[in-house]
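Each remark here refers to the structure printed beneath this line.
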Amino acid sequence: MGGRGCWRNSAHRHAGPVGAGRLPGNAPHRTGFAPAALLIQIAELVVFAAILLGVVGPLARRVAAALGNSEQAGFTLLLVIVSVAAIAAEAIQLEGIIGAFLAGIAVNHAVRSSNAKVKLEFLGNSIFIPAFFIVTGFLIDLRMLGQSLTTDLPLVLSIVGTLVVGKWAAAELSGRGFGFGATDRLLMTSLTLPQVAATLAAALVGYEAVNAAGEQLLDGRMLNAVLVLVVVTAVLGPVLTQRALTRLRGRANPDSPEHSPPVTLTTRA
């Protein structure tokens, strides 16, 4: 399969080697490593984070307090701050998801108990996150994905198996250390198992990262494995959680009909 994987070629993919210097409009992780470009990127990130957390955060608190209980104004303020932060992050060659994340931290304290935050969370869960997965789905070639599952099956199984075993081992060790029961440890495993949006976003960034020779940090084979990992853990996690919750309900209500032992009727002669 090489580096093609199941991911379609797009306009942002590189046709060949690129220079090590920092090109206009291209982030260092997309144009190849260069010490000077990396230092500039780190400096920009530090200044960007300081402005968001030290200036935008306090300013958002004051504006939110001045707006009072106006849900529409508070929601508009949050949406504008998050959007501007994402655009500013891309302007200094950072990923937009970093800007949105830092903006969320900056304004979280200001709107922690407001209804505007609830609306913004609803908007993100109902529009932004599904849109991210839809866009990602357009990059996937199902035929190439099927071929990858046959030719790179050991790689896929090793990545998925390592994560599942690692999550289980962490829950077992920490759970036993705190004296938790088997059901509690199963719940810990199931709740930490799903790898969805953040994992896929990080994998996409790694897929676009290249060195000076144009070689990718993550090729298509690894992205195929990450996609399978996302699907498997997104399904397995809720299934195990439901199983653990059923056990917990039975432990909390041992006299409930569905957990009562069967009754045997006998006839006295």
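Bear in mind that the values in this text are calculations on the coordinates, not laboratory data. Just so we're clear, the structure is a prediction, and the values are computed from it rather than from any experiment. Backbone-built Cβ (ideal geometry, glycine too); neighbour counts: all protein chains shown.
A few remarks follow.
- Normalised contact order of the stretch 141-251, rounded percent, pairs of Cα under 8 Å and 6 or more residues apart: 33
- Taking a sphere under 10 Å around the Cβ of F75 and counting the other residues whose Cβ falls inside, with K and R at +1 and D and E at -1, yields a net charge of +1.
- Ranked by the mean number of other Cβ atoms within 10 Å per residue, highest first, peptides 127-134, 89-96, 244-251 order as 89-96, 244-251, 127-134.
- In terms of packing, defined here as the mean over residues of other Cβ atoms within 10 angstrom, the peptides 196-208, 39-51 line up highest first as 196-208, 39-51.
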